[in-house]
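The values are calculated or read from the model by the stated rules, or taken from the named source; none is laboratory data. A quick note: this is a predicted structure, and the numbers were derived from the prediction, not measured. Cβ: placed from backbone, ideal geometry, glycine included. Neighbour counts: every protein chain shown.
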Amino acid sequence: MAVYKYTGKKGIVYSVDYYRGGKRIREAVGPNKKEAQEYLGKKLREIRDEELFGIKKREEDPIRGFLRHLQELGVASALLDLRVQPRNLQAAFRREVSP
């Protein structure tokens, strides 16, 4: 778990290196070393919270995210029911869009 400096064609880039779930992860952060150190600290806190307390960051289902986006645009009222199952999504969309 460290911060690495890389000098490439586009200048200096700092990256972080850490392990999550037994897998090594390297992420480029940006040209600022302090920012990379803060980012690594944030990731390590997330890992600690997951391991010690079982707290995981909740990620939204892509289908539900798409439906929320449609709702914000005011499109496809039948699709806005967030209980629509992905396997029924195509049929619901056809009913809503067809003339």
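Which of the residues belonging to the range 5-18 are modelled with pLDDT of 85 or more, over 15 Å from residue 41 (Cβ atoms) and part of a strand (DSSP E or B)?
Matches in the range 5-18: 5, 6, 7, 11, 12, 13.
Based on what the data block shows, is residue 37 polar (S, T, N, Q) and modelled with pLDDT of 75 or more?
Considered against the rule, which asks whether it is polar (S, T, N, Q) and modelled with pLDDT of 75 or more, residue 37 comes out as yes.
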